[in-house]
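One structure is given below, encoded as C-alpha cells.
The values are calculated or read from the model by the stated rules, or taken from the named source; none is laboratory data. A quick note: this is a predicted structure, and the numbers were derived from the prediction, not measured. All Cβ positions, glycine included, derive from the backbone under ideal geometry; neighbour counts span all protein chains shown. Only protein heavy atoms, including side chains, enter the accessible area calculation; ligands, DNA and RNA are left aside. Shrake-Rupley method; radii C 1.70, N 1.55, O 1.52, S 1.80 Å.
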Amino acid sequence: IVLPSGKQVEESKVCNDFCDIWICEDEAFCNGYNYGIYCTRGGKIFYVPQEKICDSVEHCDDKEDEKNCTINGKIKTLCKHEKGGHLVPVHNFTRCAAVDKSDYISSGRKNKYCKIKNVASYQTS
C-alpha cells in the first residue's frame, strides 16, 4: 500500500498498533481517527506525527504543525507535551500526544489514558 507521503508498506502493517516505518506513518489514520498531520515540506508531502505537533519546531513549510498551539480561555482540553513538558491544546489530529512514545509503541494506542488539565482523563482511540 502507498501512503500519502509516497512511502510503501505492507497492508498488514497498517494500523497494527506498531510503528513499522519511520515516524509511524503506517499508524497515521486508524479506526477513523487521524494521528498527526500531513503537510508540505520541501515541496513533498510529509507526515508529522502527533508528538511533533506543537513542539516549537517547524516541520512544515507553512508552519501548519505549530499553528493552533496557543492556549487561550476557549481551549478546555490540554495535555502536557512529552518533549517540552509544556501544556498544549488537544486537537482531533493530536489526540493526547503527551503519551510517552515507548508506551505508545509497546502497548498500542487503544484504551490509553493520559491526564489532562480540567478533565479527569482523555482516552485515545
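Give region 36-58 a look and list any residue that's over 15 Å from the mean Cα position of the chain (by Cα) and surrounded by fewer than 14 Cβ atoms within 10 Å (Cβ to Cβ), or say none.
Passing the criteria: Thr40, Gly42, Gly43, Lys44, Ile45.
Hey, can you tell me all the residues within region 21-35 that are more than 22 Å from His91 (Cα to Cα) and either open to solvent by 90 Å² or more (accessible area, probe 1.4 Å) or modelled with pLDDT of 90 or more (or both)?
Trp22
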